[in-house]
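Heads up, the thing below is written out as structure tokens.
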Amino acid sequence: MTDSKKRYLQVPQGTEGVHVEEAYRHRRITQELLDQFVLWGYLPVETPVFDFYDIYEPLLHSTSRDVYRLIDREGDLLMLRSDITLFLAKQMGLWLREEELPARVCYGDTILRHQNVEDISKNEFFQIGAELIGKAGEPADLELLMLLSEIFSKLGLHPAVHLGSHQFLTTCLTELSDTELNRAVTFIRDRRDDSLRELLESKLSSRKTEVLTTLFSFIGTPREFERTVYSLGGELSQLELEELEYLSSLAEQLVELGFSPDLRIDLSEIGAQPYYTGIVFQAYLPGLDDAIASGGRYDKLLERFGFECPSVGFSMLLRKIEDLVDSSIGRLPKITKVEGAAFKEAFHRAQELRKKGEVAIL
Amino acid sequence: MSSRNATTAHNTDTAAVQEGPLTLALPKGRLFDQVQDFFLKKGLHFKFESRKLVAHDESGLLKIFLVKNADLPTYVHHGIAGLGICGEDVLFEEGKRFFRLRKFDFGSTSMCLAAKKGYTAPKKSRSLTVATKFPKFTLDYFHRRGHPIELIKLNGSVELAPILGLAPYIVDLVETGSTLKANNLEVVEVLQTIVVQLIANPSYYKLNYRRINQLLDMLNSHSKEERE
């Protein structure tokens, strides 16, 4: 290879080209999921590739360093689409009218994020998901989770879905300052039970500290969760208990409805993003180093864009799981090469095959 | 819908759970023998055959990889090993997110600021020139305290830096202090105690929490020998 060719073929970190069979499969899987969303009444929306940076900045937190920023000709700071949920929230704020609620939308598009050259584990270039906007409460949470279950069934995947509650966190830790709450969130998410216990002990009674530490480290089946709540319930306030009972009720109904993934109640699932307000969930598959889907309720997110209404949604990073998806989806069709004839004759024979839905080349 | 989705398994750890032993990465070097002794006391016996880097414990609970200390977080981050045991010093440098499931009593060291004997504590108003193998920890520590520093990254034998005049200060792990003493250096300030931790890849933990919790129970239990 010549030096100039080598130079032209260099690929910047964080970009990806997908070719032929792989690209075909990617598109078919995407289409399969979008078709499924439409069957449930979730219609597609397209978000802009870039937008003003400053309006999203407060929502980015630690991910702000991964965002590609650019300056337009007027000198405004822009960012490339790094998370469709955020861009979608603004679009909905611009587009939705009160009378159109509830709105069901879906998306599947590329995202652009900086990726550390030494860390290829977060190859995340394509995000697909759905949102139910303007509907609060159990029916909406159930609908969204059952849609997620249906999507996994379509893909032939059987993950574990861990369901938690951001609302329980904010209900039971009201005595903590903002800084302390942020520390508690880190300790809970990273399962640092000793550090959490130490922090809570400084604010709460030792019994309450023990109960909350046990609950935040809990992972188990819905039945195990019920037993745990039953045994510790006496130590909880009415509001705290209601939040946990809501999770139990949700889980029970999901099981009755035929929720296909393994369902676990996991109170350490409190959401990486501060905009979560209710249920939070993540899906995990063996062999993958990170969650494959995540979502939850964010009733305050659209408010930031001038449109006050509840919302629940999920998104998944499709590229990472495509190799695990049922191989019957997106299999390249057989290609027939029409040979041994004059072009005109071959062309007509190929057309005949194409009419029958077969792939023909000349 | 494929047949495997037709059945649900809500009360059992089935399809989403990885089969086989739990995978654990251990660091080569000073920590290894201490980990091996500790595990033996808890009834988990393993040994590596000569030059082999993979071993199983006798109960079949664990598959253990022996890796370079600084590479250990990388293996766990990518889920190659679901669990790992290492000092907080390498976790600081990697900066990746792990579950920190347990601290160990053994292997603790201190991250220290050291200088030639006779040096006084640095003045906060002046920029500090520091040579270290731990640039992320050092930058983070001093920046959080509003102390400007100039950093020189070294890969080893950091004690040479003050002696040869590369930097007046070093930040390094100090276990007994004998290396510092031998090079006529002394600790100016202990910056942080560095503890050995059991870490887990978050996704791996979520899928194998039952068995990992069983392992934690074993590690937390007191053996007959310890009770006596």
Could you state the angle between the C-alpha long axis of helix A:178-189 and the longest principal axis of the C-alpha atoms of chain A, as a value from 0 to 90 degrees rounded to the nearest 10?
60 degrees
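For peptide B:202-215, how many partner chain Cβ atoms fall within 10 Å of a residue's Cβ, on average?
That average works out to 5.
How high is the FRET efficiency from A:Val20 to A:Glu98, r the C-beta distance, R0 45 Å, rounded to 0.05?
Calculated transfer efficiency: 0.45.
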Is there a simple number for the mean count of other chain Cβ atoms within 10 Å of the Cβ of residues in A:189-195, and what is it?
5
Quick one: grab Rg to one decimal and Dmax as a whole number for segment A:15-142, Cα atoms only, in Å.
16.5, 49
Can you work out the accessible area per residue across chain B, with the rest of the protein chains kept in place, probe 1.4 Å, in square angstrom?
51 Å²
On the protein heavy atoms, probe 1.4 angstrom, tell me the percent of accessible surface of the protein assembly as shown carried by carbon and sulfur.
50 percent
Log10 I(q)/I(0) at q = 0.18 Å⁻¹ for segment B:68-170, from Debye over equal alpha-carbon scatterers, is -0.94
Work out which residues of segment A:237-278 lose at minimum 20 square angstrom of accessible surface when the other protein chains are put back, relative to the chain isolated, with a 1.4 angstrom probe, and list them by number.
A:Val255, A:Phe259, A:Ser260, A:Asp262, A:Arg264
In square angstrom and rounded to 100, what buried accessible area do you get between chains B and A, total over both, with the probe at 1.4 Å?
2900 Å²
Set A:Lys208/A:Lys320; B:Lys28/B:Lys181; A:Lys135/A:Lys203; B:Lys52/B:Lys133; B:Lys41/B:Lys153; A:Lys300/B:Lys136 screened for pairs whose C-alpha atoms are more than 30 Å apart:
A:Lys208/A:Lys320; A:Lys135/A:Lys203; B:Lys41/B:Lys153; A:Lys300/B:Lys136
DSSP-defined beta bridges in chain B - what % are antiparallel, rounded to 5:
65 percent
Given q = 0.06, 0.08, 0.12 Å⁻¹, what are the Debye log10 I(q)/I(0) values for the protein assembly as shown, with equal point scatterers placed on the Cα positions and solvent ignored?
-0.39, -0.69, -1.38
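Keeping every protein chain present and rolling a 1.4 Å probe, give me the accessible area per residue for segment A:160-284 in Å².
Value returned for segment A:160-284: 40 Å² of accessible area per residue.
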If packing is taken as the average count of other Cβ atoms within 10 Å, what order do B:144-151, A:154-161, A:74-81, A:182-189 fall into, highest mean first?
A:154-161, A:182-189, A:74-81, B:144-151
Please name the residues of segment A:279-300 whose accessible area, counted over protein heavy atoms with a 1.4 angstrom probe, falls by no less than 30 Å² between the chain alone and the full protein assembly.
A:Tyr284, A:Pro286, A:Asp289
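Ignoring everything except DSSP H segments at least 4 long, calculate the 222 nm mean residue ellipticity for chain A; use -39,500 (n - 2.57) per segment, divide by total residues, nearest 500.
Theoretical 222 nm ellipticity from helices: -12000 deg cm²/dmol.
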Considering every residue in A:152-159, what mean count of other chain Cβ atoms within 10 Å of its Cβ is obtained?
4
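The values are calculated or read from the model by the stated rules, or taken from the named source; none is laboratory data. Remember, predicted model here, so these are calculated numbers, not experimental data. Cβ: placed from backbone, ideal geometry, glycine included. Neighbour counts: every protein chain shown. Each accessible area value is taken on the protein alone, full model and side chains, heavy atoms only, with ligands, DNA and RNA left out. Shrake-Rupley method; radii C 1.70, N 1.55, O 1.52, S 1.80 Å.
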